[in-house]
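The values are calculated or read from the model by the stated rules, or taken from the named source; none is laboratory data. Not measured: the values here are computed from a predicted model. Positions of Cβ are backbone-derived with ideal geometry, glycine not excepted, and every protein chain shown enters the neighbour counts. Accessible surface areas use protein heavy atoms only, side chains included; no ligands, DNA or RNA. Shrake-Rupley method; radii C 1.70, N 1.55, O 1.52, S 1.80 Å.
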Amino acid sequence: MAGIRQELIRITDVEDPRIAEFRDIRERDLVGRRHRFVAEGRVVLRTLSGSDRFSADKILILENRLAGLEDILDRFPADVPVMIGNRDLLDRIVGFPMHRGILAIGRRDRVEAVSGAVVRLPENALVLACSGISNHDNMGGLFRNAAAFGADLVCLDGECCDPLYRKAIRVSVGAALSVPYAVDETADDVVSVLSDAGFAVHALSPRGGTSITDLDPGRRSCLLVGTEGEGLPESLLARLDTVRIPQSPGFDSLNVATAAGIALFSLATRMGRI
C-alpha cells in the first residue's frame with residue numbers, strides 16, 4: 001500500500017513463527033515476561049508510535065484496517081515488521097474476535113522506582129498515587145484521568161496490577177503509555193519519597209477531614225487513592241491529611257477511578273493546570 005514505509009508481511013498460516021507472540025494472547029503470557037506488553041487499537045498504536053519510553057517489536061493488522069494507518073506506521077522504525085492477514089486467520093491467531101483489527105507487541109526496558117522519577121518533576125507538580133489497585137479497568141481509568149487533568153506522574157505500590165496489561169492500556173485510551181509512572185514496594189514507601197520531595201500528600205477517603213473543594217493544594221500536591229471496598233490502610237490515613245468528595249446524604253461510595261477524576265479535576269483547577 002502506498003505511503004507505508006516498509007514492505008508488508010502477509011500472514012497465511014496460523015503456525016507462522018513470525019506471529020508467535022500474538023498466538024492465543026493472554027496478558028499473563030506477555031506482561032511481566034521479557035518486559036513485553038500488548039497494545040491494541042488505533043489510538044493506542046498512535047500513542048506507542050510517539051513514545052520515548054516504550055518501543056514496538058512487531059505489529060499485526062487486519063488487512064481491511066490498513067487504510068489511513070500510513071502516517072502512524074511511518075513513525076515506527078523501518079525494522080519493525082508490520083504483518084497483515086484476513087479476519088478469520090487473525091481471529092484464530094489471537095484467540096478472540098479481533099474487533100479493533102490492530103495489535104502490537106510493545107517493549108519496556110524497566111520499571112522505574114518512585115525516587116528516580118520524582119527528581120525529574122518540575123517545581124510545580126501534580127502526582128496521582130495508587131495503593132492496592134488490582135482491577136485493570138480501574139487502573140486504565142486512573143491513567144486516563146491522570147492524562148486528562150495534567151498529572152506529571154502516577155505512583156503505584158507493589159499491590160497494584162500492571163498498568164501495561166492489555167485491558168488497562170485499552171481502557172486508558174493509551175494514557176498508560178503516555179503518562180510516566182513509577183513503582184515502589186509499599187504505599188508507605190511511596191508516601192515517604194513524595195513527602196521528602198516536598199509533596200503534600202492528600203489521602204482520598206469518604207471519611208476525609210477536608211472537602212476536596214476547600215483544599216489548598218500548594219505547589220507540589222499528591223492525591224493518594226486506595227482500592228475499592230477496603231480503601232486506604234488506617235495506618236496511612238492516620239499519618240496523612242485526608243480529603244473527601246461531598247456527596248448526597250446516605251451515599252458515600254464512588255468508583256475509585258471516578259472519585260480520582262473528580263479530585264484531580266479539583267486539584268488541577270486550583271493549581272492552574274487546566
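List of remarks:
- Residues of the stretch 237-274 that are closer than 19 Å to residue 198 by Cα, open to solvent by 70 Å² or more (accessible area, probe 1.4 Å) and not in a helix (DSSP H, G or I): 241, 273.
- Selection within the stretch 167-185: residues that are crowded, with 20+ Cβ neighbours inside 10 Å and closer than 17 Å to residue 56 by Cα. The member of this set that is farthest from the chain's Cα centre (by Cα) is 170.
- Enumeration of residues in the stretch 1-60 that are aliphatic (A, V, I, L, M), at pLDDT below 95 and in a strand (DSSP E or B): 38, 39
- Residues of the stretch 189-213 satisfying the condition of being part of a loop (DSSP other than H, G, I, E, B) and not basic (Lys, Arg): 197, 198, 199, 205, 206, 208, 209
- Any hit, the stretch 227-236, residues being surrounded by fewer than 16 Cβ atoms within 10 Å (Cβ to Cβ), under 23 Å from residue 144 (Cα atoms) and over 24 Å from the mean Cα position of the chain (by Cα): no
- The residue pairs whose first member lies in the stretch 6-20 and is open to solvent by 100 Å² or more (accessible area, probe 1.4 Å), whose second member is at pLDDT 95 or above, and whose beta carbons are closer than 6 Å, counting only pairs six or more residues apart or on different chains, are 10/84.
- The combined condition, being modelled with pLDDT under 95 and under 24 Å from residue 43 (Cα atoms), is fulfilled by residue 166.
- When the stretch 216-226 is limited to residues that are open to solvent by 20 Å² or more (accessible area, probe 1.4 Å) and in contact with a helix residue (DSSP H, G or I) (Cβ under 9 Å, 6 or more places away or on another chain), the one that is nearest to residue 259 (Cα to Cα) turns out to be 216.
- Within the stretch 39-81, tally of residues that are within 20 Å of residue 97 (Cα to Cα), more than 22 Å from the chain's Cα centre (by Cα) and surrounded by 19 or more Cβ atoms within 10 Å (Cβ to Cβ): 2
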